[in-house]
Amino acid sequence: MTPHPAFLSPFETAVADAPASDAASAKKKKTKGALRLRIDGEWYDCTGWAKAHPGGSLFITLMDGCDATDVFYALHSYGPNGDDLAARRLAMLPRCDGPEEEEEEEEEEGGREIAAPSIVRNPNHTIETKPGNADANFATLRKKFEDEGWFARDPLKEASVLCQVLGLYALGWFLAWTHPILASLSLGLGMQQAGWLAHDYIHGRGKWCTMMRGFGSLTNGFSTEWWQHKHNMHHSFTNIDGRDGDIKLEPLYYLQDPKVTGRNDNPGLRKWQHWYGYPLYAATYALWRRHSMASAIARRDKKELTLLGIHYAWLFLCLPWQVAVSSVLIGGFLVGSLVTATHQTEEIMFEQGGEFVDIQFRSTREADVKGLEAWLWGGMDTQLVHHLFPTMPRYRHHEARPVIRKWAEEHGYDFRISSSWEILSKNFNHLKELAHI
């Protein structure tokens, strides 16, 4: 695997390089001339649609030849979760034969067999398997949540969380010139909570979430399009090396042995990573802002650039620069130290294909927190619930957790949950262990 050139690539628009075996596979697929996904048992020809796909063409390319049913329903609007735009677009795509039917046709014509996709558990061990299949039992659970209205937005709760965020911003702004420390803390908390809220709006479906899609741009200087592309890759390929940019943190953090990943090592820096790791998360928002602006400029997105311009005008013209910078660092630390905590020490995979639901359970841990602590986590404490049902409003996650936990026990999945102290300690010890390999 060749090293990715981007600096701190989890915050970059690009995805880590794919393993060499994938490159060969992609070349074969290209010669076939079609990109095909299976959803609800139907094969769709996505070749013409790939470039127009709002989530980017890379996702469709990487899912070519696989069952994308559970991923589709997790991330897209299909009706019961607030809108049906994606479902209507899907219905218009041409149907086609899947790899199995095509293989049978080629065998009848005397052609060679097509190699089945594979799952790679580590770079030196490959086992054959079929493309990732939709989980029929999970579909039943999803239908239960749909029928019971779990995806519906509650206007009072929506107003409550929005007022909390705006209140923290207003308080910080009011105190900025007289009590800069208190102002920085208030704005930093506001920026953290605005990040969680923008996250919920972009995942959400329906008129309200569509109207609020630019909230993160206006409050935190984040590009909606940049973040959505990066984050949907994380949701679709959670903890899969070469797919999920959130686990490729080199050269500043090493979550895996460089001998396993094949990427460049920096032993002199790595040996200190457990000490500088958490403080460095303060740079999270600064990095996201940089990549957001670069993405908006590259796309010449006038609407997004306008929102970003308004944000920066407020940040540096209406606040003392010390308060502006401090609040960005505080907000970044509060988000960065939590946003990846529930994934980093879970299983990291080298899979090309595989079952979506199984991957989520293997890669994600929940945090057992309550009260103010839960408020600070902003929905990241119910990370597994969120990964299984991203379009479900985050204020419904805690009620959904016991339902999903019971379902997991009945169907043989490991529902992982720990206290926040255990999770953060586990992350620190993991960085420390890899610092001394």
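Laboratory data are not the source of any read-out in this text; all were calculated from the coordinates shown. Model, not experiment: these values are computed from the prediction. Backbone-built Cβ (ideal geometry, glycine too); neighbour counts: all protein chains shown.
Between Glu409 and Leu156, the FRET efficiency from the beta-carbon distance, with R0 = 30 Å, is close to 0.35. Per-residue extension of 0.36 nm, minus the Cα-Cα distance of Glu347 and Arg213, leaves a gain of 45.0 nm for this segment. Below 9 angstrom from the Cβ of Glu355, what's the summed charge of the other residues (Lys, Arg +1; Asp, Glu -1)? Once positives and negatives cancel, what remains is -4.
Identify the residues of the range 40-57 with backbone N under 18 Å of a label point that sits 7 angstrom from the Cα of Asp97 along the Cα-to-Cβ direction, or state none. The answer is 42-47. Database remark: amide H of Trp43 closer than 5 angstrom to the amide H of Cys96 (H placed geometrically; neighbours at sequence offset of 5 or more, or on other chains; Pro and chain starts carry no H). Using only the Cα atoms of the range 164-318, each taken as one equal point scatterer with no solvent, compute I(q) by the Debye sum, divide by I(0), and report log10 of the ratio at q = 0.14, 0.15, 0.17, 0.20 Å⁻¹. Debye intensities relative to I(0), on a log10 scale: -0.85, -0.94, -1.11, -1.29.
Gain on full extension, evaluated as 0.36 nm per residue between Arg89 and Asn429 minus their Cα-Cα distance, stands at 117.8 nm.
Coupling constants for the range 373-380 follow from the phi torsions by the Karplus curve (6.51 cos²θ - 1.76 cosθ + 1.60, θ = phi - 60°), and in residue order they are 4, 5, 4, 5, 5, x, x, 6 Hz; glycine and proline get x. The fraction of Cα-Cα pairs per 5 angstrom bin, counted from 0 for the range 324-407, comes to 3, 13, 21, 23, 18, 12, 7, 3, 1, 0 percent, rounded to whole percents.
Starting with the highest mean, order 328-340, 76-88, 418-430 by the number of other Cβ atoms within 10 Å, averaged over the residues of each peptide.
The most tightly packed comes first, giving 328-340, 76-88, 418-430.
Length gained on full extension, Asn264 to Lys144: 38.5 nm, using 0.36 nm per residue less the C-alpha separation.
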